[in-house]
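The values are calculated or read from the model by the stated rules, or taken from the named source; none is laboratory data. The structure displayed is predicted, hence computed values, not measured ones. Ideal geometry is used to build each Cβ from the backbone, glycine not excepted, and the neighbour counts take in all protein chains shown. Keep in mind that these areas ignore ligands, DNA and RNA; they rest on the heavy atoms of the full protein, side chains included. Shrake-Rupley method; radii C 1.70, N 1.55, O 1.52, S 1.80 Å.
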Amino acid sequence: MLKHTSKNRFGAVRIGITQGELSGISPEIIAKTLDKLKSDKTLELFVIASEKGKKQIEAKIQRADKSRIKFIIPEKKDIPINIRGNEALSCIYYGATLAKEGKIDAIVTAPIDKNKISKKYKNFSGHTGFLKETLKARSVLMLMSTPSFKIGIMTEHLPVKDIKKNISKKRIIESVSLMNEFLTKIKKTPVIGVLSLNPHAGDSGLLGREEIETIIPAIKELNKKGIKTFGPIPADSAFVAETKNKYDGLMAMYHDQGMIPAKIRGLDYLVNITLGLPIIRTSPGHGVAYDLVGKNKASAGSMIRAVNQAIEMVLSKRIK
């Protein structure tokens with residue numbers, strides 16, 4: 001464990017980076033991030049990794065001062081038995097624990113292989129759900145952030161067949177409320193657009209009644225609460241500039257509905273933020289990219305943006 005136990009309100013911003021999947025590009029983009037972002041009196045970077053992860057990341061560092069890079073290696077005794085089977089997951093758990101205890105200010109999670117983790121940890125669907133469960137958060141939202149727009153992914157990582165049953169008035173209200181809370185740090189009164197589930201917003205019930213029975217009632221309730229919310233917006237036109245530019249954030253009903261336009265903007269610009277947790281957590285908006293391993297061609301742009309986003313959120317929190 002780290003020796004620091006204070007909330008460190010006026011000291012250096014302490015960011016923990018979890019190792020991610022070692023057989024993917026995570027070691028490369030972490031090393032490139034450490035080369036780019038130097039640890040100093042205002043920023044302390046901690047890499048939460050196994051012994052193997054530490055060796056891999058250190059071997060790829062080119063310009064950073066290795067003496068200033070702090071590695072934290074989780075001990076088995078501090079990791080629940082059902083999590084120990086996967087090193088990447090153990091590092092996420094340990095990083096979340098350090099952040100919750102105030103020993104670091106935020107975690108930035110490198111890409112993982114969900115399939116590999118699910119073989120050791122049952123029902124694993126990604127960072128968002130795991131952190132919600134681990135930190136006992138009531139509701140969370142995966143927010144994909146780019147310099148030009150913010151997209152909430154309401155139902156996260158679910159099979160298409162399960163999307164409909166996971167959309168409810170309550171969930172829409174909770175998700176939009178989390179997005180609004182985040183956006184109010186950027187703009188006093190943000191405007192949020194809610195996407196439809198069905199094509200053409202259901203065509204007045206012809207193509208589905210979810211808009212009439214669930215989405216519209218949720219939007220009305222949100223406006224009663226003082227949250228400026230509009231929709232349902234047909235998803236096929238939501239990201240056209242004339243429509244998108246009317247809103248400070250858009251709420252997608254399911255994963256690909258929001259992720260496709262987010263990734264078209266460019267992976268180097270994309271940051272994944274988990275709202276609703278008792279800690280600050282960000283991540284690059286891409287995966288393990290096995291096809292780039294060993295080529296030294298992986299861009300650390302999204303990872304660097306994720307670290308900078310975490311720093312910005314820490315500083316914003318300290319101002320309060």
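Going residue by residue through region 278-290, is there one that turns out to be more than 25 Å from Lys165 (Cβ to Cβ), charged (D, E, K, R) and at pLDDT 95 or above?
The answer is yes; a qualifying residue exists.
Within region 137-150, is even one residue open to solvent by less than 10 Å² (accessible area, probe 1.4 Å), in contact with a Ser or Thr (Cβ under 6 Å, 6 or more places away or on another chain) and over 30 Å from Lys220 (Cβ atoms)?
No, the conditions are met nowhere in region 137-150.
For (1) part of a helix (DSSP H, G or I); (2) within 30 Å of Gly102 (Cα to Cα); (3) modelled with pLDDT under 95; (4) acidic (Asp, Glu), each residue gets a yes or a no:
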| position | (1), (2), (3), (4) |
| --- | --- |
| Lys220 | yes, no, no, no |
| Thr229 | no, no, no, no |
| Ser237 | no, no, yes, no |
| Glu242 | yes, no, yes, yes |
| Lys246 | no, no, yes, no |
| Leu250 | no, no, no, no |
| Met259 | yes, no, yes, no |
| Thr274 | no, yes, no, no |
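So which residues in region 239-283 are among the hydrophobic types (A, V, I, L, M, F, W, C) and under 21 Å from Lys136 (Cβ atoms)? Please lay out each step first, then the result.
To start, the set of residues in region 239-283 that are among the hydrophobic types (A, V, I, L, M, F, W, C) comprises 239-241, 250-253, 259-260, 262, 264, 267, 270-271, 273, 275, 277, 279-280.
Ile273, Leu275, Leu277, Ile279, Ile280, listed by residue number.
Suppose we filter region 276-303 for residues that are farther than 21 Å from Lys116 by Cα and in a helix (DSSP H, G or I); how many remain?
3
Just for region 135-156: of the residues that are part of a strand (DSSP E or B) and not β-branched (Val, Ile, Thr), which one is farthest from Val271 (Cα to Cα)?
Going through the qualifying residues, I end up with Leu141.
Give the residue, chosen from Gly294, Gly287, that is over 11 Å from the mean Cα position of the chain (by Cα) and more than 18 Å from Ile92 (Cβ to Cβ).
Gly294
Within the set of pairs 6 or more residues apart or between chains, which connect a residue that is free of Cβ contacts under 8 Å to residues at least 12 places away in the same chain and over 20 Å from Lys263 (Cβ atoms) inside region 215-240 to a residue that is of a type in the set (Ser, Thr, Tyr) and in a strand (DSSP E or B) with Cβ atoms less than 9 Å apart?
Once the first residue is free of Cβ contacts under 8 Å to residues at least 12 places away in the same chain and over 20 Å from Lys263 (Cβ atoms) and sits in region 215-240, its partners that are of a type in the set (Ser, Thr, Tyr) and in a strand (DSSP E or B) give Lys220/Thr229; Asn223/Thr229.
Could you tell me how many of the residues in region 205-228 are of a type in the set (A, V, I, L, M, F, W, C) and farther than 12 Å from Ile172 by Cβ?
Count: 3.
Do you know which residues across region 181-203 are more than 20 Å from Met313 (Cβ to Cβ) and open to solvent by less than 10 Å² (accessible area, probe 1.4 Å)? Don't jump to the end; show me each part of the working.
Quick first cut of region 181-203, residues more than 20 Å from Met313 (Cβ to Cβ) only: 189, 191, 193-203.
Within region 181-203, Gly193, Val194, Leu195, Ser196, Gly202 qualify.
Do any strands (runs of 3 or more DSSP E) lying entirely in region 1-105 carry at least 3 residues that are modelled with pLDDT of 95 or more, under 30 Å from Gly294 (Cα atoms) and open to solvent by less than 10 Å² (accessible area, probe 1.4 Å), and which ones are they?
It comes to 13-18, 43-48.
What pairs come up if the first residue lies in region 99-128 and is on the phi > 0 side of the Ramachandran plot, the second is small (Gly, Ala, Ser) and modelled with pLDDT under 90, and their beta carbons are under 8 Å apart, counting only those six or more places apart or on different chains?
Qualifying pairs under 8 Å: Gly102/Ser6.
So, in region 157-180, of the ones that are outside any loop (DSSP other than H, G, I, E, B) and of a type in the set (A, V, I, L, M, F, W, C), which residue ends up surrounded by the fewest Cβ atoms within 10 Å (Cβ to Cβ)?
Ranking the qualifying residues of region 157-180, first place goes to Val160.
Of the conditions (1) at positive phi; (2) modelled with pLDDT of 95 or more, Gly266 clears all except one; give me its number.
Only one criterion in (1) at positive phi; (2) modelled with pLDDT of 95 or more is unmet by Gly266, namely (2).
Do you know which residues across region 193-214 are part of a helix (DSSP H, G or I) and either in contact (Cβ under 8 Å) with a residue 24 or more places away in the chain or not hydrophobic (A, V, I, L, M, F, W, C) (or both)?
Result: Pro199, His200, Ala201, Gly202, Glu210, Glu211, Glu213, Thr214.
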